[in-house]
Amino acid sequence: MPAAITAWSRHALYLLFMLPGLTLATWVTRTPALRDGLQASTEQMGMILFGFSTGAMLGILSAGRMITRHGANRMLRLGLLGLSGGLCVLAASSDLNSAWCAFAGLLVFGLGMGWADIAANIEGAAVERAIGAPIMTTLHGFFSLGTLVGALIGMAMTAVEVPLDMHLLALAGLSAAATLVLIGQAPRASEQPDAQQASGAEDVHWAALIKDRRLLLICLVVLAMALAEGAANDWLPLLMIDGHGFAQTTGTLIYMVFTLGMTLGRFAGAPVIRRFGRTFTLRASALIGTFSLALVVFCDVQWVAAAAVVLWGIGASLGFPLAISAAGESGTGSDQRVRLAATAGYLAFLVGPPLLGFIGEHFGLRLAMLPVLTLVAIAYVLASSLQERNGLQAETAASKQAG
C-alpha cells in the first residue's frame, strides 16, 4: 500500500462517504413535515424536489472541469459544505413558509451532492487502483450507513415533534464540523501523477465514449438502478403514508428499514461478488428490486408492503456502485467513464421527482412507482445482455479483482 494511503486515511474516506447519506436522510425523513408545513400538493412537492435534481445535475456537469482544476479533495470539501448550506436554506423555508425557498435549499443541496458524489467516486476508484483491492461497495455501504443513522435520528425527531428547522440546522452544523475535521486526513490518490496517468483521461474524447456500446448499456443500468434508489429517497415516506395508510412516524420508520436494507446489501456486496461475479450480482439485484417494487405497487396488505421495502433496499443497494465500477473498468479514460455513468444516474434524479409527482397527483403514489418498476426490470435484461454480448472475459476479470 502506498505510504500516502494509510489505514486512517481510508477510514476518513469511509466517514466522508457517510456524510452525504446522513444529510440526505435528514431532510427525506422530514418531507411529510415539510409538505404539511408548506401545505403543498403531491404535484407541488414533486416540483420542490425537482430543485434537488436540478442542483445535482448542475453539480455533476460542472464537477469534471472543477475537479481537473482544483482536485478531488477540494471539490469533495466544497460539495460537503454545500450540503450543510442547503439544509440551512431548507430550514429557513420552514420558518418563512416558502415553497420557493425550499426549492432553493434543495437546489444548493443537490449542487453539493453532485460535486461531492463525483469527487468521492473518483477518489474511491483511484484508491482501489492504488491498493489493488475493491472498496467501492464498502464506500457506498458507508453512504447507506449514513442514511440509516440519519433516518433513525429523523424518526426520533418526528416522534418527539422537534421543529423541522431545529433538526435541519443541528445536522447541518454537525456535518460541516465533521467535514472540516476529516477532509485533511482523506487520501488524495486521484491527484497523484501515476493515478492521473492510470485514469487515461487525456487519451479519450467524449465522442469516443458515447460510441462505446458497452459503456452505454452500463449507463442505462445506472440510470434504472439510480431511479430505484432515488424514488425511495424522494417518495418512500409519503408513499407509505398516502399510498398504504401508515401513520407519519411509521412511514418514517419504514424509510429507515429501506436504508437498513441498502446498508446490509452494500456491506455484504464484496463476498457476494467474489463468489458469484459482478454480472450475476447485478442481475440478482435488479430481479429483487423488480419483485419488491411489484409488491409495493400492487399489494394492499400493509405488512407485506412494509416487508417488501427491505427487499427494495437490498435490490437497489448494489446496482449503482457495481455499475460505476464496471464503467471505470470498461476501457481507458476511467475518470471520464465514471463521470459519464454518474451523469446517467443523475438524469434519473433530474426527471424522477417531477415525473413521479405528476403521476402521483393524478393516479396515486403507488401507481407512480410503475415507471421505476419497469426500468428496473429493463436493467435486469440489460445486465443479462452485457454478459451475453461480452462473454465471460470481463466477468472473470471482475471476479479476480474482487478476490
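Taken together, the values in this text are just the output of simple stated rules run on the coordinates, not laboratory data. Quick caveat, the model's predicted, so the values are computed rather than measured. Here the Cβ is made from the backbone with ideal geometry for all residues, glycine too, and neighbour counts use every protein chain on show.
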_Test item: Cα-centred dipole of the range 33-180, Lys/Arg +1 and Asp/Glu -1 on Cβ, debye_ = 580 debye
*Taking the highest mean first, how do the peptides 115-128, 75-88, 239-252 order by number of other beta carbon atoms within 10 angstrom per residue?*
115-128, 75-88, 239-252
*Nearest 10 degrees, 0 to 90: what angle lies between the long axis of helix 136-159 and the longest principal axis of the chain (Cα atoms)?*
10 degrees
*Angle between the chain longest axis and helix 334-363 axis [Cα atoms, degrees, rounded to 10]*: 20 degrees
*asked:* Angle check, please: helix 213-238 long axis (alpha carbons) against the longest principal axis of the chain (alpha carbons), in degrees 0 to 90, nearest 10.
replied: 20 degrees
_Under 8 Å for C-alpha pairs, at least 6 residues apart: give me the relative contact order for the chain, rounded to a whole percent._
25 percent
*Cβ-derived FRET efficiency at R0 30 Å, E43 paired with D95, nearest 0.05*: 0.80
*Using helices alone, what [θ] at 222 nm do you get for the chain, with -39,500 (n - 2.57) per DSSP H run of 4 or more residues, divided over all residues and rounded to the nearest 500?*
-28500 deg cm²/dmol
